[in-house]
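Contents: one structure, followed by commentary.
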Amino acid sequence: MPDIEKLKSEEKGHLMKIIGSVVLMLLLVSAVFAAEDVVSAVHGSVKKIDSSTKTIVVKTADGTEHSMHFTDKTAVHGVDAFAQAAKDSWHRLKEGTEVVAHYTSRGTDDTALEIDKVGKDGLKTTGGTIKDIDRDGKKLIVKSGDGVESSFRLTDRAAKDGEKDISKGVETGTKVTVYYTEDAGQKVAHFFEK
């Protein structure tokens, strides 16, 4: 005759192993999804826009092509929001437009959070050496080659991106290009890169 107490003890042990395994699996899955919410950025020109599949392809100077999806929530800066877009464009962005695209990755899918037009009517650029950077205070000071210092207020995304791979290793003394707008006489940095 089987020992009932022994069977109950074995069942409890088996159940505890299952519960432990499920908890561990949930922790690992949540860590993977948390790690995938990192924002990356790519600077290049629009190679293709497909409104039917909601994708945009950005080609960098080295020839690398980055394909990403856009949504109704994807912010587009540096374009005239009230001007009528041409049939071959999306938010007045079209093939050949210089852009900086900020995106997140989930598995093999990249989703554009923000696309900034660079150049005429878009973000301005300036280069120089970082004299001071305060990510918490959202301030950046860049000294140009001719010694002129420019102060920038960092957008939330630029301050956060500065802590990630986008501008990894960018500290005082680093040569950078800053992409910015002007708002009420103040320069606002949206993105900067080495």
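Under 5 Å between amide hydrogens, built in the peptide plane, is the criterion, and for Thr55 it picks out Asp50, Phe70 among residues at least 5 positions away or on other chains. Amide H to amide H, with H built 1.01 Å from N, Phe191 comes under 5 Å of Tyr179, counting only residues 5 or more places away or on other chains. Listed values for the stretch 105-118 are Karplus-derived 3J(HN,Hα) couplings in whole Hz (6.51 cos²θ - 1.76 cosθ + 1.60, θ = phi - 60°), namely 10, 10, x, 9, 9, 9, 10, 6, 8, 8, 10, 10, 6, 10, and x replaces Gly and Pro. Using a cut-off of 29 Å between Cα atoms, the listed pairs Lys94/Lys139; Lys117/Lys139; Lys48/Lys194; Lys54/Lys138; Lys59/Lys124; Lys73/Lys187 include Lys94/Lys139; Lys54/Lys138 as exceeding that distance. Once backbone amide H atoms are built at 1.01 Å from N, Lys139 has Asp134, Leu154 as its partners under 5 Å, excluding neighbours fewer than 5 places away on the same chain. Most tightly packed first, judged by the mean number of other beta-carbon atoms within 10 Å of their residues, the peptides 128-135, 42-49, 58-65 read 42-49, 128-135, 58-65.
Every number here is computed from the coordinates shown, using simple stated rules; none is lab data. Just so it is clear, the structure is predicted and the values come from calculations on it, not from any experiment. Counting neighbours? That spans all protein chains shown, and the Cβs are built from the backbone with ideal geometry, glycine included.
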